[in-house]
């Protein structure tokens, strides 16, 4: 006996909203990463710069648009260490 989730739903007529943009971008990134890996490239998350999971954290709040989102919830010591390790942008 076989069980399945049923036929694949045709999503061609879906009306997507603004909140779906992030999901679409994420899926595109995952497809691109799978294709790179298939073609002999490195698996996603295995190349530098690599962020250890223990260093990940969440942040909630309202901040000015001029604020770099990568600095939110990061201590000054961690921020200065990151700046020393990161090569300057070209």
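Points to keep in mind about this one:
- Nitroxide proxy distance, nm - points 7 Å out along Cα→Cβ at residue 67 and residue 33: 2.7 nm
- Taking a ≥ b ≥ c as the square roots of the eigenvalues of the alpha carbon gyration tensor, segment 1-41 is oblate, as a/c is not under 1.5 and a/b does not beat b/c.
- Ordering 38-49, 9-20 by mean Cβ neighbour count within 10 Å, with the highest value first, yields 38-49, 9-20.
Values quoted throughout were computed directly from the atomic coordinates according to the rules given, and no laboratory measurement underlies them. Everything numeric here is computed off the predicted structure, so don't read it as measured data. We place every Cβ from the backbone using ideal geometry, glycine too, and count neighbours over all the protein chains shown.
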